[in-house]
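K.L.:
One structure, as structure tokens, below. Some questions next.
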Amino acid sequence: MAVAELYAQYNRVWIPDPEEVWKSAEIAKDYRVGDQVLRLLLEDGTELDYPVDPGSLPPLRNPDILVGENDLTALSYLHEPAVLHNLRIRFAESKLIYTYSGIILVAMNPYKQLPIYGDAIIHAYSGQNMGDMDPHIFAVAEEAYKQMARNNRNQSIIVSGESGAGKTVSARYAMRYFATVSKSSSNAHVEEKVLASNPITEAVGNAKTTRNDNSSRFGKYTEISFDERNQIIGANMRTYLLEKSRVVFQSENERNYHIFYQLCASAQQSEFKHLKLGSAEEFNYTRMGGNTVIEGVDDRADMAETQKTFTLLGFKKDFQMDVFKILAAILHLGNVQVTTVGNERSAVSEDDSHLKVFCELLGLETIKVAQWLCNRKIVTSSETVVKPMTRPQAINARDALAKKIYAHLFDFIVEQINQALHFSGKQHTFIGVLDIYG
């Protein structure tokens, strides 16, 4: 059948629309090759002569019987308006957030908790073929697990999408599925440890943005290791491209990393009083975005959860407190005042209260820190020159130091998590979960 024959009376097409993106229309008159316009009848009863040529006919709309298909590849016509319409029908009318596109799972973020991730749902998908059940992240995870177990071949799941699409949560549910269906009989609780790594990495690597209250600001690849019985024996994590600039700068209505607000919210607890913190509004590095709270989020409760997961992974109280000291020191560093003296030279007072706390927490000499925040050393083959910095240069140096400290701390925490998830046995196979941040 020639393409032109498909554009017959009563068939429907999609035409671009500035408000709805794509609008449906019914063909009111058969199209013939050479026609300059296609006579259309819009859904509101309006007639339209739509300009066309043989190379730019509008996309055809699928028959109603295919609307809401759970696999996009089952559609007669697969193009942008068909995909968007099918996803909209499933999401808005059927309240279904998952749709297949072959072996790919398309997920729509509902921005609310749904009762479709419990253990009963996990067990319902366990052992099932991918097409036998409704589309779900558990179905994809089961397919990866089954292929690994059946063929002894390593598998990978790539979670990709724009910021706020729900990538981090999807990756978390996939890992939870593996932990549930592959529980070992040992007492090491390795599955719980693998899952416990998520709250920690989210605390130090996620932040509120204008599009997402829990946006990952780094890429993460988690490799879950299995033994010959297909039971989890450990995991290893690699991180990529941490957004270091967020430590010292946040755009309007955005926040710094969650851990800073958790720490400030817990500042009055006896165990944290020596950090000499206050509310997040008191620190330059946490108040810059103008919004220090997230609706529905209790930073103090999240801090308790962060501490709990640190403990579950085997981190001692002393280790945890060292981490919190460094984080508090970064906040105090951001409040160190840099002034201009003389001929555009900068200076930091040795009596600056935040400088004193910064040095006290990190075991540094106040005099030397004050000196080197405002001067730089240039070493050549013949001499060493100390050059004063202007106030803007000194502020940039202060912020660069804060970013460097945080980046090293982040890498150190990831390294310690990997050590906690290290296993002594032999890895037989693995499943990798890649969370690419948007």
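Readers should treat all values here as calculations from the given coordinates under stated rules, not as data from a laboratory. Here the structure is a predicted model, which is why all the values come from computation and not from measurement. Glycine also receives a Cβ, built like all others from the backbone with ideal geometry; neighbour counts cover every protein chain displayed.
K.L.:
Sort 312-318, 158-164, 426-432 for me by packing, meaning the mean count of neighbouring Cβ atoms within 10 Å per residue, highest on top. Working shown, then result.
P.N.:
Values: 312-318: 13.6, 158-164: 15.1, 426-432: 17.0.
In decreasing order of mean packing, 312-318, 158-164, 426-432 become 426-432, 158-164, 312-318.
K.L.:
Rank by packing, highest mean first: peptides 141-153, 120-132, with packing defined as the count of other Cβ atoms within 10 Å averaged across residues.
P.N.:
Order by mean packing, descending: 141-153, 120-132.
K.L.:
For a label point 7 angstrom out from the Cα of Asp64 toward its Cβ, which stretches of the range 10-29 have the backbone nitrogen within less than 14 Å?
P.N.:
Counting only backbone N, you get 11-12, 26.
K.L.:
Hey, another quick one. Around Ser279, under 15 Å between beta carbons, what's the net of Lys plus Arg minus Asp minus Glu among the other residues?
P.N.:
It works out to a net charge of +1.
K.L.:
Would you work out the Kirkwood radius for the range 154-282? I mean one over the mean of 1/r across all pairs of different Cα atoms, in Å.
P.N.:
16.7 Å
K.L.:
Which value at 222 nm does the chain reach when only helices count, each DSSP H run of 4 or more adding -39,500 (n - 2.57), with the total divided by all residues and rounded to the nearest 500 deg cm²/dmol? Can you show the working numbers first?
P.N.:
Working: 12 runs with 153 residues, N = 438.
-11000 deg cm²/dmol, from helical runs alone.
K.L.:
By how many nm would the segment from Ser24 to Tyr77 lengthen if fully extended, with 0.36 nm per residue of separation less the alpha-carbon distance?
P.N.:
17.7 nm
K.L.:
Shifting gears a bit: R0 = 60 Å: FRET efficiency of Lys368 with Lys426, Cβ-based, nearest 0.05?
P.N.:
0.75
K.L.:
Let me ask something else. Given that just one value was derived from the coordinates, which of (i) 0.98; (ii) 0.95; (iii) 1.10 is Rg/Rh (Cα atoms, Kirkwood Rh)?
P.N.:
Computed from these coordinates, Rg/Rh (Cα atoms, Kirkwood Rh) corresponds to label (iii).
K.L.:
To continue, here is another question. Peptides 403-413, 55-65: what's the order by average Cβ count within 10 Å, highest mean first?
P.N.:
With the highest mean Cβ count within 10 Å placed first, the list reads 403-413, 55-65.
K.L.:
Now for a different question. Among Trp372, His189, Met133, whose Cα sits farthest toward the positive end of the charge dipole of the chain (+1 at Cβ of Lys/Arg, -1 at Cβ of Asp/Glu, about the Cα centre)?
P.N.:
It is Trp372.
K.L.:
Which FRET efficiency, nearest 0.05, do Ser279 and Met133 yield, Cβ-Cβ r, R0 51 Å?
P.N.:
0.60
K.L.:
Rank Ile15, Leu355, Asn206 by how far each Cα sits towards the positive end of the charge dipole of the chain (+1 on Lys, Arg Cβ; -1 on Asp, Glu Cβ) and give me just the farthest.
P.N.:
Selected residue: Leu355.
K.L.:
Continuing with this model, one more query. Name the lysines eligible as straight-distance cross-link partners of Lys387: C-alpha to C-alpha under 17 Å, and not fewer than 8 places from it in the same chain.
P.N.:
The reachable lysines, counting only those whose Cα sits under 17 Å from Lys387, are Lys368, Lys377.
K.L.:
List the GluC sites (Glu not before Pro) in the range 291-375 that DSSP assigns to loop (not H, G, I, E or B) and whose Cβ has at most 12 other Cβ atoms within 10 Å. Which are they?
P.N.:
Glu295, Glu344, Glu365
K.L.:
If you put +1 on each Lys and Arg Cβ and -1 on each Asp and Glu Cβ, how big is the dipole of the chain around its Cα centre, in Debye rounded to 20?
P.N.:
Taking the Cα centre of the chain as origin, the dipole is about 1760 debye.
K.L.:
Return the long-range amide H neighbours of Ser101 (sequence gap of 5 or more, or a different chain), with a cut-off of under 5 Å between placed amide H atoms.
P.N.:
Leu72, Val106
K.L.:
Using Cα centres only, tell me the gap between the range 65-85 and the range 155-186 in whole Å.
P.N.:
For the range 65-85 versus the range 155-186, the Cα centre distance is 27 Å.
K.L.:
Give, in nm to one decimal, the length gained when the segment between Gln36 and Ser156 is fully stretched (0.36 nm per residue of separation minus the Cα-Cα distance).
P.N.:
38.2 nm
K.L.:
What does the net charge come to around Glu254 if you take all other residues with beta carbon closer than 13 Å to its beta carbon, with K and R at +1 and D and E at -1?
P.N.:
+3
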